[in-house]
Structures are given as C-alpha cells and as structure tokens.
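One structure is given below, encoded as structure tokens.
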Amino acid sequence: MAKQVIDAEVLANHKLNNKYFILLIKPKKKLELIQPGQFLQLTVPNAPEVFLRRPLSIHDVDYENNTISLLIQIVGKGTQKLSLLDKGNVVNIIYPLGKGYSNIEKGQKALLVGGGCGIAPLLYLAKVLKKEGIDEDIIIGFKSKEDIIEYELYNSIAPTFVTTEDGSMGEKGYVTTHSLFSSLNMYNKIYTCGPEVMMKAVAKRAKEAGVECEVSLENTMACGIGACLCCVTPTVNGHQCVCTEGPVFNSKELLW
Ligand SMILES: Cc1cc2nc3c(=O)[nH]c(=O)nc-3n(C[C@H](O)[C@H](O)[C@H](O)COP(=O)(O)OP(=O)(O)OC[C@H]3O[C@@H](n4cnc5c(N)ncnc54)[C@H](O)[C@@H]3O)c2cc1C
Ligand code: FES
C-alpha cells in the first residue's frame, strides 16, 4: 500500500481523563485501506522543540466520514502538545505504516488483550474481526478504576473483561491473572498490545497453552520508514526494523 504524506484536520479532541485523549482527524484526501495494527506518524504542530514525528496506532477508522481516531496517552512534550490541539488545527501524517495483525478464519476464536494505552490498536482490530464474523473476547487491564477508558465501547463490540491492579473494578490483578487465562486453549489466536513486560507474560502463557500470539511492539522510532535503524529488535531472523517489519510480530519470531 502506497504511503500517504498528507495534512489532516483535527475535528475533535476529546479528553478521557487526565492521562488519555482521543484525537479525531480528517485527512484531506480519501482514506487508504488500513490494516488493524498499522500506525501513522504525525508532526506536532507549533512545536519546533518536538522535531521528530510521533508514532501512533490507528485506534479507529471511519471510511464513510473519512476520519481516523487516535487514542493518546500524555507522556512527554510531544503528546502534551498534541493534547492541546483544537478543532480546525492541522497535523501532517504519514500512513499507513508497518505491518498489522494477521487474520484468522471464520469459525475460529480470538482473544484480544490490552494494557493501558496499548488498547489503542485493539479497537479497530476488534471491529474488523467482528465484521468478518470472528468470535472474540477482550481483556483490558489498568492500574485502577480511574484509569479505565472506553470499556463500554469495547464491550459493545465483543464481551470485554477488565482487570485492575488494585481490584477497584473487574478482577484484581494483571491481565494474565484473569480467569480466562486458565482456559486459553479455547482460543485460536491471541492479539496483544501494551507494556512489553505485559506482552511477554501474555506470550509466555500463550506458548504454554499452544496458542498463536501476535504482539505489537512500541519501540522508540524516528523515521518510521526503515531508514534510520533506531527501532530494530532482535528476532529469529536477525535484527528487524519494528517500523517496517512490525510493529506486529508473531511472538515466536521474537527472542523473548
Ligand atoms: C508503533 C507505535 C505505536 C504507538 N501507538 C501509540 C498510541 O496509539 N497511543 C499512545 O499514546 N502512544 C503510542 N505510542 C507511543 C508514543 O509514540 C510515545 O508515547 C510518544 O512518541 C512520546 O512522545 P512525547 O514527545 O510525548 O514523549 P517524549 O518527550 O519523547 O518522551 C517522554 C517519555 O516517554 C517515553 N517514551 C517515548 N517514546 C515512547 C514509546 N514509543 N513507548 C513508550 N514510552 C515512550 C520516553 O522514554 C520518556 O520517558 C506508539 C509507539 C509506537 C512505536
Ligand atoms: S524508525 Fe527509522 S528505521 Fe524504524
């Protein structure tokens, strides 16, 4: 798929809580087909100190209205600046980037596991799987009840289960301590995104249960197109660029 470098207008900036917000953007050209798990890189406008584009997962796509939504966590100066964007502002994006999650067959069952803002690529994935008639369950894990975002939205697509570390909502503990993990072999594939330590734990449990597992890496990136090599990760096939060979990898490919 040819990459587009294009301006996009901010249609809305919806604050979810003090950590997360959703940016709804409308590219000024008809949307290309986007694979779940792919990402974009965007400029941070009016911020000369934020020189490099920032990589963000495609959270949702609306081809009819020609919009993309991004779920963003404020962590540093770039995401802080993005959180201040308003309707009418313009960002420049390069998309679609990377290789996304692979499909499973009709009749098979998927488990989607997300932690924190790692739930971002799982919304569009869940919608696409549902459209293809795939049965799916979703587990989303957060530190505490106050951090939980978009539960109703995910639950409107597929049965969604919550874990919190302090037990303030859903099952107490980590995503991998959720009771569904005691019967992982009812799934044909696990798709996950979140902190690396969480994905490693998910991949380990998947391996023990003999279930395929795809993980989405969030290595620090500069160019996003395979030119600077700053995002490489060791794999069974040697060092690979996460921005072009990933961000999604089968966990068996990684030297975890
Ligand atoms: C393929 C991909 C998809 C991503 N999707 C999303 C998404 O959908 N939503 C979202 O909120 N974030 C996502 N990220 C992470 C996001 O790109 C970073 O949080 C962002 O670039 C930080 O920019 P900043 O200027 O705010 O922070 P900086 O000022 O650059 O850094 C501030 C702090 O954040 C840490 N940080 C920087 N980059 C990353 C990173 N890649 N991962 C974790 N910590 C980082 C730094 O170590 C530092 O401690 C994704 C990253 C990748 C590679
Ligand atoms: S970010 Fe430059 S090669 Fe991946």
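The values are calculated or read from the model by the stated rules, or taken from the named source; none is laboratory data. From a predicted model like this one, the values you see are computed outputs, not experimental measurements. Every residue, glycine as well, gets a Cβ built from its backbone with ideal geometry; the counts of neighbours run over all protein chains shown. The area values use the complete protein model at the heavy-atom level, side chains included, leaving out ligands, DNA and RNA. Shrake-Rupley method; radii C 1.70, N 1.55, O 1.52, S 1.80 Å.
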| note | Residues whose built amide H sits under 5 Å from the amide H of Val113, excluding neighbours closer than 5 in sequence, are Ile139, Tyr191, Thr192, Cys193
| request: Normalising by the residue count of the chain, find the relative contact order in percent from Cα pairs under 8 Å and 6+ residues apart. | output: 17
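For a quick check of your reading of the filter: which GluC sites (Glu not before Pro) in the stretch 73-169 sit in a DSSP loop and have no more than 12 other Cβ atoms within 10 Å?
Hits after loop and neighbour filter: Glu105, Glu132.
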| request: Work out from phi, with θ = phi - 60° and the Karplus expression 6.51 cos²θ - 1.76 cosθ + 1.60, the ³J(HN,Hα) of each residue of the stretch 104-110, listed in order in whole Hz, and give x for Gly and Pro. | output: 10, 7, 4, x, 8, 10, 10
| task | Quote the relative contact order of the stretch 24-67 in percent (integer), defining contacts as alpha-carbon pairs under 8 Å separated by 6+ residues. | result | 47
| task | Work out from phi, with θ = phi - 60° and the Karplus expression 6.51 cos²θ - 1.76 cosθ + 1.60, the ³J(HN,Hα) of each residue of the stretch 74-90, listed in order in whole Hz, and give x for Gly and Pro. | result | 7, 10, x, 5, x, 5, 5, 4, 4, 5, 8, 4, 10, 3, x, 5, 10
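Share of the stretch 1-108's accessible area from carbon and sulfur, percent, 1.4 Å?
Roughly 51 percent, rounded to a whole number.
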| query | Considering only DSSP beta bridges with both partners in the chain, what is the antiparallel share in %, to the nearest 5? | reply | 60
| said: Given the options Ala222, Ser182, Cys193, identify the residue whose Cα lies farthest towards the positive end of the charge dipole of the stretch 171-232 (+1 on Cβ of Lys, Arg; -1 on Cβ of Asp, Glu). | reply: Ser182
| said: Here is the link list: Lys109/Lys200; Lys106/Lys143; Lys15/Lys189; Lys87/Lys130; Lys3/Lys77; Lys29/Lys77. Which ones come out longer than 25 Å on Cα distance? | reply: Lys106/Lys143; Lys15/Lys189; Lys87/Lys130; Lys3/Lys77; Lys29/Lys77
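Using the heavy atoms of the protein chains alone and a 1.4 angstrom probe, what is the accessible area of the chain per residue in square angstrom?
For the chain, the per-residue accessible area is 46 Å².
Quick check: from the Cα gyration tensor, does the stretch 167-256 come out rounded (a/c under 1.5), prolate or oblate?
Verdict is prolate for the stretch 167-256.
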| Taking the Cα atoms only, what angle lies between the long axis of helix 120-131 and the longest principal axis of the chain, rounded to 10 degrees? | 70
| said: Could you tell me the relative contact order of the stretch 37-143? Use alpha-carbon pairs under 8 Å, at least six residues apart, and round to a whole percent. | reply: 30
| task | Would you please classify the overall shape of the stretch 111-220 from the alpha carbon gyration tensor, given that a ≥ b ≥ c denote the square roots of the eigenvalues, rounded means a/c under 1.5, and beyond that prolate means a/b larger than b/c while oblate covers the rest? | result | rounded
| note | Shape call for the chain, from the Cα gyration tensor axes a ≥ b ≥ c (a/c under 1.5 means rounded, otherwise prolate when a/b beats b/c, else oblate), comes out prolate
| Sequence-distant or interchain residues sharing an amide H contact under 5 Å with Glu165, placed H: which? | Phe142, Lys143, Ser144, Gly173
